Amino acid sequence: MSVVSTITVTVPATTANLGPGFDCIGAALKLYNEFKFTRIEEGGLTIHVTGTEAERVQTDENNLLYQAFVKFYQHIEQTPPTVKIEIKLGVPLARGLGSSATAIVGGLVAANQLEGTPMSQSQVMELAIAIEGHPDNVVPALLGGCRLAATSGAGWEICDVPWHKDVVPVVAIPDFELSTSKARGVLPTEVSRADAIFNTAHLGLLLRGLETGNGQWLKTALQDRLHQPYRKALIPGYDALNIAAVSAGAYGMVISGAGPTLLALADKLHSEAVETAMLAAWQEEGITAEVRSLSLDTQGAKSF
């Protein structure tokens, strides 16, 4: 192992849950945060942030990126070096697009690379899941693509989910936030057997729909009973956007992560119309939003 003095890591945004895949499935999107770490000999920690909402990012030891960086060194029982960190934001904060996951993955990957990769990718992944508390965002952020995660007793089994090239993710990102803790707070502590069976069946159908691009399967598969019926009340205009997206040709619409970003899946023929319809629907609700079609990132976190 040979240590290095500077490392830059790019980490993609993610969309998690995809309807019935609550806390177990997520996909990486071509929207990125960039983190540059440089060892410094004198002075203390410095963090410089640029990009949209840069002023809202903490620039002290409470910064999540830095906390993940320190966690890595605690895990390998070493003292973290003093560093200068430069952050370029491309992923909106607290919008359900995995900004926290980019920070966790970015901090861990940077530390691992600075120290000459003492930990394997799977070990970094396990630590990222432990920090985040669930795998749906950090796994695709690290590995890329669409990923299904399941516990295997001692650790995690990660399954690559094929995503048909004609299935387009359309994200509608509003100008308001929704904290993950608030979104989790509205969920029931128990669900019925019927709802558990419903989601199991629909998750299975979702996997096949994503793989084949079968629109009819996706229309059915995106339904959910575990989290969206409770969370949608926290997102103004949810029902209006759902109607607009489907009317414009989307297979369906779901909450991205914990929200408030909404994700529609459409084919290439209808994705532009879906963008326009979702933007107009939120404008009618008096909400400013950015709506855009994205594509899947297949590489995950990259360092150089």
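Observations on the structure shown:
- For segment 54-98, residues that are closer than 16 Å to Ala128 by Cα and of a type outside the set (Val, Ile, Thr) total 13.
- Test: residue in segment 191-203 that is among the aromatic types (Phe, Trp, Tyr) and more than 25 Å from Arg95 (Cα to Cα): yes
- In segment 5-20 there is at least one residue matching the filter, namely being farther than 25 Å from Arg292 by Cβ and surrounded by fewer than 14 Cβ atoms within 10 Å (Cβ to Cβ).
- Hits in segment 177-187 (condition: of a type outside the set (Lys, Arg) and open to solvent by 50 Å² or more (accessible area, probe 1.4 Å)): Glu177, Ser179, Thr180, Ser181, Gly185, Val186
- Count of residues meeting criterion [closer than 18 Å to Leu226 by Cβ, part of a strand (DSSP E or B) and small (Gly, Ala, Ser)] in segment 20-46: 1
- Listed by first and then second residue, the pairs linking a residue in segment 8-26 that is acidic (Asp, Glu) to a residue that is open to solvent by less than 10 Å² (accessible area, probe 1.4 Å) and in a loop (DSSP other than H, G, I, E, B), with Cβ atoms under 9 Å apart and 6 or more places separating them unless they lie on different chains, are Asp23/Asn17; Asp23/Pro135; Asp23/Asp136; Asp23/His227.
- The single condition among (1) of a type outside the set (A, V, I, L, M, F, W, C); (2) under 27 Å from Leu29 (Cα atoms); (3) in contact with a strand residue (DSSP E or B) (Cβ under 6 Å, 6 or more places away or on another chain); (4) buried (at least 17 other Cβ atoms within 10 Å of the Cβ) that Lys88 does not meet is (4).
- Top-ranked residue in segment 25-46 [being at negative phi and either more than 23 Å from the chain's Cα centre (by Cα) or at pLDDT below 95 (or both); ranked as least open to solvent (accessible area, probe 1.4 Å)]: Thr38
Yes/no matrix, rows are residues, columns are (1) at pLDDT below 95; (2) in contact with a His (Cβ under 8 Å, 6 or more places away or on another chain); (3) open to solvent by less than 10 Å² (accessible area, probe 1.4 Å); (4) not hydrophobic (A, V, I, L, M, F, W, C):
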position	(1), (2), (3), (4)
Leu64	no, no, no, no
Phe69	no, no, yes, no
His75	no, no, no, yes
Pro92	yes, no, no, yes
Ala111	no, no, yes, no
Gln123	no, no, no, yes
Ala128	no, no, yes, no
Leu143	no, no, no, no
Leu148	no, no, no, no
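- Residues being in contact with a Leu (Cβ under 9 Å, 6 or more places away or on another chain), farther than 20 Å from Ala141 by Cβ and in a strand (DSSP E or B) - total across segment 48-72: 1
The values are calculated or read from the model by the stated rules, or taken from the named source; none is laboratory data. From a predicted model like this one, the values you see are computed outputs, not experimental measurements. Glycine gets a Cβ as well: all are built from the backbone with ideal geometry, and neighbour counts include every protein chain shown. SASA here: full protein model, heavy atoms, side chains in, ligands and nucleic acids out. Shrake-Rupley method; radii C 1.70, N 1.55, O 1.52, S 1.80 Å.
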